[in-house]
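Below is one structure, written out as C-alpha coordinates, with a few remarks after it.
The values are calculated or read from the model by the stated rules, or taken from the named source; none is laboratory data. Keep in mind that what you see is a predicted model, and the values were worked out from it rather than measured. Here the Cβ positions follow ideal geometry from the backbone for every residue, glycine too, while neighbour counts run over all protein chains shown. Keep in mind that these areas ignore ligands, DNA and RNA; they rest on the heavy atoms of the full protein, side chains included. Shrake-Rupley method; radii C 1.70, N 1.55, O 1.52, S 1.80 Å.
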Amino acid sequence: MYLLPFPILGGLLAWATIYFLGFDKQRWGEFVLGLAAFFIAIIIQNPVQQLPLLGMGIKSNADVIARGTAFTVGVSVWFGLTAGIFQEGAKYLLVKGKSLNTGLFLGLGFGITEVFVIAGAALAGALATGKPLDVPLNTALISMVERYFVVLFHVGTGIYLAYAYREGFGRSGLLAMVGIHAVIDSLAAYYQLTKSAPAMYAVEFITAIAALGLLYYTIPKAKLELPKEEEALW
(Lines give C-alpha, C1' and ligand atoms only; values in the text may rest on other atoms or scores of the structure.)
Protein backbone atom coordinates (compact mmCIF):
# COMPACT_ATOMS: atom_id res chain seq x y z
CA MET A 1 0.00 0.00 0.00
CA TYR A 2 1.37 3.41 -1.01
CA LEU A 3 1.81 5.41 2.20
CA LEU A 4 1.71 9.02 1.09
CA PRO A 5 -2.06 9.65 0.71
CA PHE A 6 -2.91 8.28 4.15
CA PRO A 7 -1.41 10.91 6.50
CA ILE A 8 -2.70 13.62 4.14
CA LEU A 9 -6.17 12.07 4.26
CA GLY A 10 -5.95 12.00 8.07
CA GLY A 11 -5.21 15.73 8.15
CA LEU A 12 -8.02 16.53 5.74
CA LEU A 13 -10.47 14.43 7.77
CA ALA A 14 -9.52 16.44 10.85
CA TRP A 15 -10.17 19.65 8.90
CA ALA A 16 -13.55 18.26 7.83
CA THR A 17 -14.34 17.40 11.44
CA ILE A 18 -13.80 21.01 12.48
CA TYR A 19 -15.96 22.14 9.55
CA PHE A 20 -18.86 19.89 10.55
CA LEU A 21 -18.54 20.93 14.19
CA GLY A 22 -19.83 24.30 13.01
CA PHE A 23 -16.70 26.20 11.99
CA ASP A 24 -17.58 26.35 8.32
CA LYS A 25 -16.42 29.93 7.74
CA GLN A 26 -12.72 29.55 7.04
CA ARG A 27 -10.36 32.14 8.53
CA TRP A 28 -7.49 32.06 6.09
CA GLY A 29 -5.43 34.81 7.74
CA GLU A 30 -5.28 32.84 11.00
CA PHE A 31 -4.68 29.60 9.08
CA VAL A 32 -1.65 31.12 7.34
CA LEU A 33 -0.47 32.45 10.70
CA GLY A 34 -0.54 28.85 11.94
CA LEU A 35 1.61 27.87 8.97
CA ALA A 36 4.07 30.61 9.95
CA ALA A 37 4.01 29.48 13.59
CA PHE A 38 4.96 25.96 12.51
CA PHE A 39 8.01 27.07 10.56
CA ILE A 40 9.09 29.51 13.26
CA ALA A 41 8.94 26.70 15.83
CA ILE A 42 10.74 24.14 13.66
CA ILE A 43 13.49 26.53 12.56
CA ILE A 44 14.37 27.09 16.22
CA GLN A 45 13.55 23.61 17.51
CA ASN A 46 15.66 21.49 15.17
CA PRO A 47 19.06 23.12 15.88
CA VAL A 48 18.38 23.17 19.63
CA GLN A 49 17.57 19.45 19.51
CA GLN A 50 20.47 18.40 17.31
CA LEU A 51 23.44 20.56 18.33
CA PRO A 52 24.05 18.90 21.74
CA LEU A 53 23.99 15.47 20.07
CA LEU A 54 26.35 16.55 17.32
CA GLY A 55 28.64 17.91 20.02
CA MET A 56 28.77 14.40 21.48
CA GLY A 57 29.57 12.89 18.09
CA ILE A 58 26.10 11.43 17.57
CA LYS A 59 25.01 11.53 13.95
CA SER A 60 22.40 8.78 13.61
CA ASN A 61 19.75 6.82 15.48
CA ALA A 62 22.17 3.90 15.69
CA ASP A 63 24.64 6.12 17.57
CA VAL A 64 21.94 6.91 20.14
CA ILE A 65 20.90 3.27 20.58
CA ALA A 66 24.54 2.20 20.96
CA ARG A 67 24.82 4.27 24.16
CA GLY A 68 22.19 2.24 25.97
CA THR A 69 18.60 2.40 27.12
CA ALA A 70 19.00 5.23 29.63
CA PHE A 71 20.65 7.46 27.05
CA THR A 72 17.98 6.62 24.47
CA VAL A 73 15.24 7.53 26.95
CA GLY A 74 17.07 10.75 27.81
CA VAL A 75 17.36 11.76 24.15
CA SER A 76 13.67 10.96 23.62
CA VAL A 77 12.67 13.17 26.55
CA TRP A 78 14.95 15.94 25.29
CA PHE A 79 13.33 15.81 21.85
CA GLY A 80 9.84 15.76 23.35
CA LEU A 81 10.49 18.61 25.77
CA THR A 82 12.03 20.91 23.17
CA ALA A 83 9.19 20.16 20.74
CA GLY A 84 6.64 21.01 23.40
CA ILE A 85 8.37 24.22 24.43
CA PHE A 86 8.94 25.65 20.96
CA GLN A 87 5.75 24.51 19.26
CA GLU A 88 3.36 25.44 22.05
CA GLY A 89 5.41 28.56 22.79
CA ALA A 90 5.08 29.74 19.18
CA LYS A 91 1.32 29.19 19.28
CA TYR A 92 1.01 30.98 22.61
CA LEU A 93 2.86 34.07 21.45
CA LEU A 94 0.58 34.35 18.42
CA VAL A 95 -2.76 33.77 20.19
CA LYS A 96 -2.16 36.03 23.20
CA GLY A 97 -5.03 38.49 23.37
CA LYS A 98 -6.76 36.94 20.35
CA SER A 99 -10.16 35.26 20.07
CA LEU A 100 -10.69 31.54 20.58
CA ASN A 101 -11.59 31.21 16.90
CA THR A 102 -8.20 32.68 16.06
CA GLY A 103 -6.63 30.00 18.24
CA LEU A 104 -8.69 27.33 16.49
CA PHE A 105 -7.68 28.24 12.95
CA LEU A 106 -4.09 28.98 13.94
CA GLY A 107 -3.91 25.47 15.43
CA LEU A 108 -5.53 24.04 12.31
CA GLY A 109 -3.03 25.80 10.07
CA PHE A 110 -0.20 24.55 12.27
CA GLY A 111 -1.41 20.95 12.15
CA ILE A 112 -2.17 20.85 8.42
CA THR A 113 1.22 22.38 7.63
CA GLU A 114 2.88 19.66 9.70
CA VAL A 115 0.98 17.00 7.72
CA PHE A 116 2.27 18.25 4.38
CA VAL A 117 5.80 18.82 5.64
CA ILE A 118 5.97 15.23 6.94
CA ALA A 119 4.51 13.87 3.70
CA GLY A 120 6.94 15.96 1.66
CA ALA A 121 9.90 14.81 3.73
CA ALA A 122 8.85 11.16 3.28
CA LEU A 123 8.57 11.64 -0.48
CA ALA A 124 11.92 13.41 -0.69
CA GLY A 125 13.56 10.63 1.32
CA ALA A 126 12.08 7.98 -0.95
CA LEU A 127 13.24 9.79 -4.08
CA ALA A 128 16.73 10.28 -2.65
CA THR A 129 17.18 6.64 -1.61
CA GLY A 130 15.16 4.97 -4.33
CA LYS A 131 13.13 3.07 -1.72
CA PRO A 132 9.40 2.84 -2.43
CA LEU A 133 6.89 4.22 0.06
CA ASP A 134 4.98 0.93 0.14
CA VAL A 135 3.86 -0.21 3.60
CA PRO A 136 1.36 -2.75 4.97
CA LEU A 137 -2.24 -1.55 5.00
CA ASN A 138 -2.38 -1.44 8.81
CA THR A 139 0.68 0.82 8.92
CA ALA A 140 -0.89 3.17 6.37
CA LEU A 141 -4.14 3.29 8.36
CA ILE A 142 -2.24 3.97 11.60
CA SER A 143 -0.50 6.92 9.92
CA MET A 144 -3.89 8.29 8.86
CA VAL A 145 -5.38 7.95 12.35
CA GLU A 146 -2.27 9.47 13.92
CA ARG A 147 -2.38 12.58 11.73
CA TYR A 148 -6.12 12.93 12.31
CA PHE A 149 -5.70 13.18 16.05
CA VAL A 150 -2.48 15.21 15.89
CA VAL A 151 -4.20 17.91 13.83
CA LEU A 152 -7.13 17.93 16.26
CA PHE A 153 -4.63 18.16 19.12
CA HIS A 154 -3.08 21.28 17.59
CA VAL A 155 -6.56 22.76 17.13
CA GLY A 156 -7.38 22.06 20.77
CA THR A 157 -4.14 23.53 22.09
CA GLY A 158 -4.59 26.64 19.95
CA ILE A 159 -8.03 27.28 21.42
CA TYR A 160 -6.93 26.39 24.95
CA LEU A 161 -3.94 28.74 24.90
CA ALA A 162 -6.09 31.64 23.69
CA TYR A 163 -8.67 30.84 26.38
CA ALA A 164 -6.08 30.48 29.13
CA TYR A 165 -4.57 33.87 28.32
CA ARG A 166 -7.99 35.53 28.20
CA GLU A 167 -8.99 34.07 31.56
CA GLY A 168 -5.76 35.05 33.29
CA PHE A 169 -3.95 31.72 33.58
CA GLY A 170 -1.91 31.92 30.40
CA ARG A 171 1.40 30.80 31.87
CA SER A 172 0.01 27.79 33.71
CA GLY A 173 -2.06 26.92 30.64
CA LEU A 174 1.06 27.08 28.50
CA LEU A 175 2.96 24.84 30.93
CA ALA A 176 0.13 22.31 30.81
CA MET A 177 0.16 22.20 27.02
CA VAL A 178 3.95 21.96 26.92
CA GLY A 179 3.76 19.04 29.35
CA ILE A 180 1.17 17.11 27.35
CA HIS A 181 2.98 17.81 24.08
CA ALA A 182 6.30 16.76 25.62
CA VAL A 183 4.89 13.40 26.76
CA ILE A 184 3.47 12.66 23.31
CA ASP A 185 6.59 13.69 21.41
CA SER A 186 8.92 11.93 23.84
CA LEU A 187 7.11 8.66 23.18
CA ALA A 188 7.09 9.41 19.45
CA ALA A 189 10.85 10.06 19.51
CA TYR A 190 11.44 6.83 21.44
CA TYR A 191 9.45 4.94 18.82
CA GLN A 192 11.44 6.56 15.99
CA LEU A 193 14.67 5.55 17.68
CA THR A 194 13.73 2.01 18.74
CA LYS A 195 10.68 1.03 16.63
CA SER A 196 9.06 -0.13 19.87
CA ALA A 197 5.46 -1.20 19.18
CA PRO A 198 4.26 -0.38 22.74
CA ALA A 199 5.62 3.17 22.34
CA MET A 200 3.77 3.55 19.04
CA TYR A 201 0.47 2.43 20.56
CA ALA A 202 1.03 4.67 23.58
CA VAL A 203 1.54 7.66 21.26
CA GLU A 204 -1.68 6.88 19.39
CA PHE A 205 -3.70 6.42 22.58
CA ILE A 206 -2.42 9.47 24.46
CA THR A 207 -2.73 11.73 21.40
CA ALA A 208 -6.31 10.62 20.82
CA ILE A 209 -7.30 11.11 24.46
CA ALA A 210 -5.58 14.50 24.66
CA ALA A 211 -7.13 15.71 21.39
CA LEU A 212 -10.64 14.58 22.28
CA GLY A 213 -10.36 15.96 25.81
CA LEU A 214 -9.16 19.34 24.60
CA LEU A 215 -11.89 19.57 21.98
CA TYR A 216 -14.56 18.57 24.49
CA TYR A 217 -13.37 21.39 26.77
CA THR A 218 -12.66 24.09 24.19
CA ILE A 219 -15.06 23.69 21.26
CA PRO A 220 -18.16 24.82 23.22
CA LYS A 221 -16.26 27.93 24.32
CA ALA A 222 -15.14 28.71 20.78
CA LYS A 223 -18.69 28.20 19.46
CA LEU A 224 -19.92 31.03 21.69
CA GLU A 225 -17.97 33.41 19.46
CA LEU A 226 -19.46 32.19 16.18
CA PRO A 227 -22.38 34.67 15.99
CA LYS A 228 -20.03 37.59 16.39
CA GLU A 229 -18.47 39.20 13.36
CA GLU A 230 -14.81 39.60 14.21
CA GLU A 231 -12.38 41.85 12.44
CA ALA A 232 -10.04 39.83 10.25
CA LEU A 233 -6.60 39.30 11.74
CA TRP A 234 -4.89 40.41 8.54
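Some points to look at:
- Here's how it looks for Leu226: its modeled amide H is under 5 Å from none belonging to a residue 5 or more places away or on a different chain.
- For the chain, adding -39500 (n - 2.57) for each run of n ≥ 4 DSSP H residues and dividing by the number of residues yields -28500 deg cm²/dmol at 222 nm.
- Nearest-ten-degree value, helix 170-194 long axis tilted from longest Cα axis of the chain: 30 degrees
- When the pairs Lys96/Lys221; Lys25/Lys223; Lys59/Lys131 are compared against a 18 Å limit on Cα-Cα distance, Lys59/Lys131 fall above it.
- For region 4-223, dividing the convex hull volume of the Cα atoms by the residue count gives 122 Å³ per residue.
- Listed peptides 27-39, 140-152 by packing density, highest first (mean Cβ within 10 Å): 140-152, 27-39
- For the chain, accessible area per residue (1.4 Å probe, heavy atoms of protein chains only), Å²: 50 Å²
- Taking only protein heavy atoms and a 1.4 Å probe, the accessible area of the chain is 70% carbon and sulfur.
- Of Thr218, Thr102, Thr69, the residue with the greatest mean-square motion in the GNM of the chain, using alpha carbon springs below 10 Å, is Thr69.
- Nearest-10 value in Å² for the accessible area of Thr194, using the 1.4 Å probe: 50 Å²
- For the chain, the longest principal axis of the alpha carbon atoms and the long axis of helix 197-223 meet at an angle near 10°.
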